[in-house]
Amino acid sequence: MNAPSRILDGYRVVDCSIAMAGPFAAQRLGDLGADVIKVEPTAGEWQRFAAAGGAQGNRINVSFLSLNRNKRSLAVDLKSDEGKNVVRELVRTADVFIQNYRPGVAARLGLDYATLSALNPSLVYVSMSGYGEDGPYRDRPGQDLLLQAMSGAMLSAGRAGEPPTPAGQYLADAVTASTAFEAVLAALLHRERTGEGQLVTVNMLDALTTLQMQELSVHTVGSVPQERGAEPNAHVYIRAPYGVFATSDGYIALAFADLAVLGEVIGEPSFAGLDAEEHGWTHRDELYAKTAARLAGDTSEHWLDALLGVGIWAGPVYGYAELVEDPQIIHNGTFIEYDHPTEGHIKTPGFPYKFHKTPASVERGAPLVGEHSREILAELGFAPEAIDGMLAGAVIAETPLPDAAS
């Protein structure tokens, strides 16, 4: 029986991006079946050697491994004319080109939109940046924490007067990756209808700002100031009690409670007669503090059973160890497992979507540096002796897989 097709089977993506946002977007396309060719320096992309969390691998560190499955690697020297020519030939066969070079680098390499669209007018060209293609901040470093800080999001939670707390994820990178992924799919749909390629620009600042559509509209349209209170409410624009509360043995999350019902459950008589939509705003800090004091007196299990039992929205606060073993996560198949030729057995988050006729899948793990250089150049029509010459001249590099029998 033939394996089920995947939605993007037959599409080719040239991934000239580094770090997280660009590679993550390209990986999503590969998960859906696109032939994603990662173009990297002959020594390998720097993320191969900068291990987030200190998680080293055997030959591929976990950071790179997590962002580059379902890709082939072409290791090429883009400082050489011969190397630039290789990538231009590749672009002639491509549907999508993704880059997040520093401003001006693509043009210096001859890999800018004007140059590549002349070679392939149907190309969807995605340029990703930190702050935009131009403007006063174009040369600032587009780093996740810096973008979170600038986006305003950090000041929507926590106590007034205390330092804001960043998200526990690489939020700006992840949101930008999803934004770019959506943009590619939309541009490909436009091309299917018209045959026309186009330039698509995505920047981290806009991606993280527009993610806050509701909060920022409350500020700009509703004229409600973004003011943190004396208690660590989880969001300035949601009524209390709303946040994470300590119990006698851990933490639980609590949201949108009916105050009278909550008061009965936790033993707080002062909540009787209060209206959530009125007093939840005017007495935010008082409600938070009294709820916190009551919840500290018993276990997380006790409170979750009691609160959920009367229909109050509450839930556990997990670490990663608990998340991985959660029965709903297991039921959903959220994590996938496969074997990598050098890194061994891999368990990692899978796909955020399910297509029942054209499912996403892992066809290959993250590649070694230039693992597919020879294969890709042969597909482009380069003769074996020409490929050997480029390898000898360090225009390209390859790293064959280890012999399975060794």
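The values are calculated or read from the model by the stated rules, or taken from the named source; none is laboratory data. What you are looking at is a predicted structure, and each value in this text was computed from that prediction instead of being measured. Positions of Cβ are backbone-derived with ideal geometry, glycine not excepted, and every protein chain shown enters the neighbour counts. These accessible areas exclude ligands, DNA and RNA; they are computed on the full protein's heavy atoms, side chains included. Shrake-Rupley method; radii C 1.70, N 1.55, O 1.52, S 1.80 Å.
Observations on the structure shown:
- Listed by chain and number, the aspartates and glutamates placed with their C-alpha closer than 12 angstrom to that of Lys290 are Glu231, Glu268; residues fewer than eight positions away on the same chain are left out.
- Per-atom-type breakdown for region 173-275 gives carbon and sulfur 55% of the accessible area (1.4 Å probe, protein chains only).
- Only lysines eight or more places from Lys357 in sequence, or on another chain, were considered; those with a Cα closer than 25 Å are Lys71, Lys347.
- Placing a pseudo-label 7 Å from each Cα along the Cα-to-Cβ vector at Ala296 and Trp46 gives an inter-label distance of 4.6 nm.
- Contour excess over end-to-end distance, with Cα ends at Glu264 and Glu192 and 0.36 nm allotted per residue: 20.0 nm
- Calculated [θ] (222 nm, deg cm²/dmol) that DSSP helices of n ≥ 4 give over the chain, each run adding -39,500 (n - 2.57): -10500 deg cm²/dmol
- Global geometry of region 119-261, whether rounded, prolate or oblate, following the gyration tensor of its Cα atoms and the 1.5 cut on a/c: prolate
- As a calculated quantity, the FRET efficiency between Arg138 and Val221 at R0 = 45 Å, using C-beta atoms, amounts to about 0.95.
- Chymotrypsin sites (Phe, Trp or Tyr not before Pro) restricted to region 240-307 and DSSP loop, no more than 16 other C-beta within 10 Å: Phe256
- Which of Lys354, Lys79, Lys38, Lys347 is most accessible, then next, and so on - probe 1.4 Å: Lys79, Lys354, Lys347, Lys38
- Largest-first principal axis extents, alpha carbons of region 249-304, Å: 32, 18, 16
- Once the C-beta distance of Ala394 and Asp339 is scaled by a Förster radius of 30 Å, the resulting FRET efficiency is 0.40 to the nearest 0.05.
- Gained length - Asn58 relative to Ala272, 0.36 nm times residue gap less alpha-carbon distance: 71.0 nm
- For the chain, accessible area per residue (1.4 Å probe, heavy atoms of protein chains only), Å²: 50
- At 1.306 mPa s and 10 °C, Stokes diffusion of region 243-393 via Kirkwood alpha-carbon radius, µm² per second: 77
- Electrostatic tally near Ala276: other residues with Cβ closer than 13 Å to its Cβ, Lys and Arg +1, Asp and Glu -1, net -2.
- Average silhouette area of region 1-144, convex hull of alpha-carbon atoms, in square nanometres: 10.3
- Rg/Rg_ref, region 333-406, where Rg_ref = 2.2 N^0.38 Å and atoms are Cα: 1.48
- For P(r) over Cα pairs in 20 Å bins from 0, in percent, the value computed from the atomic coordinates appears in the list (1) 23, 47, 25, 5, 0; (2) 27, 61, 12, 0; (3) 24, 44, 25, 7, 0 under label (1).
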